[in-house]
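Trainee: Below you will find the structure I want to go over with you.
No value in this document is a laboratory result; all are computed from the given coordinates. Note that the structure is predicted; figures quoted are calculated from it, not measured. Here the Cβ positions follow ideal geometry from the backbone for every residue, glycine too, while neighbour counts run over all protein chains shown.
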Amino acid sequence: MSLEVKDVLVVRGSFSLEADFSLQRGKVLVLLGPSGCGKTTLLRAIAGLEPIQRGEIILDGARIDTLPTEKRHIGFVFQDLALFEQMRVRDNIGYSLKVRHEDKKQIQEKTTFLARRFKIEHLLNRYPSELSGGERQRVAFARALASDPALMLLDEPLSALDAPLRREMRRFIRLQLAEGHLTAIHVTHDVEEAVDLADEIIVMREGTMVGRGTIEQLEQRPGSGWLARFMNLGLVLPVTKIVAGEASNTLEVETSAGMVTSVPRRAGLETPSLSKGKLCLYVPLVAADIRESHRGRGIQARIIRKVRSASNVDKLVLVIAGIENYYFEFPLGDRRTDIYQEGEDVEISIKADLCQLLPEEPSVFGGAGRRASE
């Protein structure tokens, strides 16, 4: 293992964060969640910029939570990049090496090497104020790598970029991490960014980790309606009634969308009860299809928007009948958007055997999640 975060607790005023996970060497972990859920706080705690009240942080077999930031062997790319505006690019990149009093010739060689690697050699004599957003990103990344860190921490470094440049920089960062066999934690609230960059994703909410796994694992077992809806993994329909099915291994489920369907019982919810909390029916994207609204047997919906995507995955934004303020993005795959019209009524058919009953609210490391000790 490269990184182990063991039973860590961070308290800031009324907010508390608990974390327990491990990350293998050479892997990219993405911390995903809405604003204020604790992603950056956790990153800062690992870097030594935030004190922890409990737990241990171990990097390459050595405990680092007792060490000052500069001795943790960590590279950090901040959300605002934190470049030194009064320094030229070459001095920004070589700053950590200068602080460590390395030989001037070695600093120059390392700076030149990184500038070539990141294709910013022609910018070495410029100041950060003279750079574009993408160029600043590359300088910040090169500076973080200059000291050969054992771990890279990336705190939403792409959030200020426009969409096309953000996509380009995602590819660039993933390539650099892979080619350098770097271990990294990347923070984002953007699901598409998480899927693009991650070997594994941890989903956070209100200071807790509520899901963990690859995107495929999270799609198969999201663990809660909240997580499935946040990541747009599929349809999430509030359940209004549950009765035993004719077969002993099925349940008849009625949803707010006015649909009754027979779903298989699954481990952890063999005897679900609405009295124990809100339940929902999770319909993975692979279990849903769209068709003209004329049979009356599917989920009724209306197309409110057609989205043409630069990544060639066109979508329809649907509003589901019977569920207030719930908008569902349905990817069209290789189907054309021009056969659908905004304002058109459609039906969503589902494959009931692929659906799951889930609690609406997540538990700690629900679904695909697991604690590092397991």
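Trainee: Once you place label points 7 Å from the Cα toward the Cβ at residue 254 and residue 66, how far apart are they in nm?
Mentor: Reported label-point gap for residue 254 and residue 66 is 6.2 nm.
Trainee: So, how do all the Cα-to-Cα distances of the range 3-216 break down into 5 Å bins, in percent, from 0 on up?
Mentor: Result, from short to long distances: 1, 7, 15, 19, 20, 16, 12, 7, 3, 0 percent.
Trainee: Add -39500 (n - 2.57) for each DSSP H run of 4 or more in the chain, then divide by its residues: what number comes out at 222 nm, to the nearest 500 deg cm²/dmol?
Mentor: Roughly -6000 deg cm²/dmol at 222 nm, from the helical runs in the chain.
Trainee: How much net charge surrounds residue 149 when only the other residues with a Cβ under 14 Å from the Cβ of residue 149 are counted, with Lys and Arg +1 and Asp and Glu -1?
Mentor: With Lys, Arg at +1 and Asp, Glu at -1, the net is +3.
Trainee: With θ set to phi - 60°, apply the Karplus curve 6.51 cos²θ - 1.76 cosθ + 1.60 along the range 6-16 and write out the HN-Hα couplings as whole Hz, x wherever there is a Gly or Pro.
Mentor: Here the 3J(HN,Hα) series is 10, 6, 7, 10, 10, 10, 10, x, 8, 9, 10 Hz.
Trainee: Find out how many positive minus negative residues lie around residue 196, taking Lys and Arg as positive, Asp and Glu as negative, among other residues whose Cβ is under 12 Å from that of residue 196.
Mentor: 0
Trainee: Here's something else I'd like to know. P(r) tail for the range 21-124, what percent of Cα pairs lie past 19 Å?
Mentor: Working: 3102 of 5356 pairs.
Summing the P(r) of the range 21-124 above 19 Å gives 58 percent of all pairs.
Trainee: Give me D for the range 1-51 in µm² s⁻¹, whole number, from Stokes-Einstein with Rh from the Kirkwood sum over alpha-carbon pairs, 4 °C and 1.567 mPa s.
Mentor: Answer from the Stokes-Einstein relation: 110 µm²/s.
Trainee: With the chain treated as a Gaussian network of Cα nodes joined by springs under 10 Å, which of 31, 123, 233 yields the largest mean-square fluctuation?
Mentor: Greatest mean-square fluctuation among the candidates belongs to 123.
Trainee: While we're looking at this one, here's another question. Apply 1/(1 + (r/R0)^6) to the Cβ-Cβ distance of residue 190 and residue 125, taking R0 = 41 Å, and write down the FRET efficiency to the nearest 0.05.
Mentor: After rounding, the FRET efficiency stands at 0.75.
Trainee: In sequence order, what are the phi-derived ³J(HN,Hα) couplings for the range 23-37 according to the Karplus relation 6.51 cos²θ - 1.76 cosθ + 1.60 with θ = phi - 60°, rounded to whole Hz, with x for glycine and proline?
Mentor: Residue by residue, the range 23-37 yields 9, 6, 4, x, 9, 10, 9, 10, 8, 10, x, x, 4, x, 7 Hz.
Trainee: May I pose another question? Which lysines does residue 351 reach when only Cα atoms under 28 Å apart count, and residues fewer than 8 places away in its own chain are ignored?
Mentor: 241, 276, 278, 306, 315
Trainee: Still on this structure: Measuring from centroid to centroid over Cα atoms, what is the spacing of the range 318-366 and the range 178-216 in Å?
Mentor: Spelled out, the Cα-based centre of one part sits 24 Å from the other.
Trainee: Once label points are set 7 Å from the Cα along Cα→Cβ at both residue 363 and residue 337, what is their separation, rounded to one decimal in nm?
Mentor: 4.1
Trainee: Going by average Cβ density within 10 Å per residue, which order do the peptides 144-151, 54-61 take, highest to lowest?
Mentor: By packing density, highest mean first, the sequence is 144-151, 54-61.
Trainee: Something else now. Among (i) 1.07; (ii) 1.14; (iii) 1.02, find the value of Cα Rg over 2.2 N^0.38 Å that was calculated from the structure presented, and write down its label.
Mentor: (ii)
Trainee: Give a residue-ordered list of calculated ³J(HN,Hα) values for the range 250-258 (Karplus: 6.51 cos²θ - 1.76 cosθ + 1.60, θ = phi - 60°; whole Hz; x for Gly, Pro).
Mentor: These are the phi-based 3J(HN,Hα) values: 10, 10, 8, 10, 10, 10, 5, 7, x Hz.
Trainee: Restricting to bridges with both residues inside the chain, how much of the DSSP beta-bridge set is antiparallel, in percent to the nearest 5?
Mentor: On the way: 59 of 77 bridges.
Rounded to the nearest five, the antiparallel share is 75 percent.
Trainee: Which percent of Cα pairs goes in each bin when the distances of the range 62-110 are cut into 5 angstrom slices starting at zero?
Mentor: 4, 17, 22, 22, 20, 10, 4, 0
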